[in-house]
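Okay, structure first, notes after.
The values are calculated or read from the model by the stated rules, or taken from the named source; none is laboratory data. These numbers come from a predicted model, not from an experiment. Every residue, glycine among them, receives a Cβ derived from its backbone with ideal geometry; neighbour counts consider all protein chains shown. These area figures cover heavy atoms from the full protein model, side chains too; ligands, DNA and RNA do not enter into them. Shrake-Rupley method; radii C 1.70, N 1.55, O 1.52, S 1.80 Å.
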Amino acid sequence: MIKAVFLDIDDTLLSFSGYVRQSMREGFAHYGLPAYEESMYAVFEGINDGLWKQLERGEIDFDQLVAVRWNLIFRELGFDFDGPTFERYFRKQLFWSAVPEPGAPELVDYLSGRYLLCAASNGPFEQQVNRLKVAGMYRSFAHVFISSQVGAQKPEAAFFDHCFEELHRDLPGLRPEETVLVGDSMTSDIAGGAAYGMHTILFQKVPGDRPVGRYVPEHVVHKLQDVQRYL
């Protein structure tokens, strides 16, 4: 029987990709850079995703990621601008960004009345908590597990060790097989949760082939409201 549900934040509950497009469009105009074009998002996505995968593998830490992210993006775009300056702007704007994914508030309301609900995210603790508060979701969570406070990243086992140590205060003896992790990342969410023994649901916004690999999601949904079919 499922007793606790873990929900990822970025691109599961809150739209990170929508925020990025907005911040690039407004930020480039603010600093007098060339006007944002939609093709530029693919550059951000490729570099940012690559850096986060390095972080998940333990090859870099979060401070190193943010120190180089926009320098690499601007180099690829051919912009002559200081990356750390734009990073500060980007993260300041992100702190207050809370655009829910369609169906996210309804899903949180549904789950919080039935299970011990937990947020599980990589990133800065204060930022992620504030975004949940701005979105009106924070009070629905019994626990908010963020990597900067936990001291480990998804998909590391140490991240989940910390989560279950905390959860055992509410549900003594809780086992991974009594939990579900819902997220959009095959690496940090699905592989991390499955390797720890949790059930997993992949939120795949753009329908595509079912993921294959050592760890595969038990279920794939393309709309958040479809999560309710399995819980």
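If you go through the range 163-203 one residue at a time, how many are polar (S, T, N, Q) and at pLDDT below 95?
3
Suppose we keep only residues that are part of a loop (DSSP other than H, G, I, E, B) and of a type in the set (S, T, N, Q) within the range 1-48. Which one would you say is farthest from Leu111 (Cα to Cα)?
Step by step, filter the range 1-48, then rank; the result is Ser15.
Within the range 32-49, is even one residue surrounded by fewer than 16 Cβ atoms within 10 Å (Cβ to Cβ) and within 30 Å of His162 (Cα to Cα)?
Yes - at least one qualifying residue is present in the range 32-49.
Glu59 passes all but one of (1) among the charged types (D, E, K, R); (2) in contact (Cβ under 8 Å) with a residue 24 or more places away in the chain; (3) open to solvent by 20 Å² or more (accessible area, probe 1.4 Å); which number fails?
(2)
Taking the range 179-231 only, how many residues are free of Cβ contacts under 8 Å to residues at least 60 places away in the same chain, open to solvent by less than 60 Å² (accessible area, probe 1.4 Å) and in contact with a Ser or Thr (Cβ under 7 Å, 6 or more places away or on another chain)?
So the answer is 3.
From the list Arg21, Arg25, Arg69, Arg75, pick out the single residue that is touching an Asp or Glu at 6+ places or on another chain (Cβ under 9 Å), open to solvent by 30 Å² or more (accessible area, probe 1.4 Å) and over 30 Å from Phe164 (Cα atoms).
Just one listed residue meets the conditions, Arg21.
Any residue that is open to solvent by less than 10 Å² (accessible area, probe 1.4 Å) and not in a helix (DSSP H, G or I) - is there at least one of those in the range 160-172?
The answer is no; no qualifying residue exists.
Could you grab the pairs with beta carbons closer than 6 Å, sequence gap of 6+ or different chains, first residue in the range 64-86 and polar (S, T, N, Q), second one at pLDDT 95 or above?
What qualifies is Asn71/Gly83.
Please go through the range 15-37 and give me each residue that is touching a residue at least 12 places away in the same chain (Cβ under 8 Å) and under 11 Å from Phe79 (Cα atoms), ordered by number.
Within the range 15-37, Leu33, Pro34 qualify.
Which residue out of Gln149, Gln128 is surrounded by fewer than 18 Cβ atoms within 10 Å (Cβ to Cβ) and not acidic (Asp, Glu)?
Gln149
Under 7 Å between Cβ atoms, which residue pairs at least 6 apart in sequence (or on different chains) link something in the range 94-109 that is over 15 Å from Asp8 (Cα atoms) with a partner that is surrounded by fewer than 21 Cβ atoms within 10 Å (Cβ to Cβ) and among the aliphatic types (A, V, I, L, M)?
These pairs meet every condition: Trp96/Val134.
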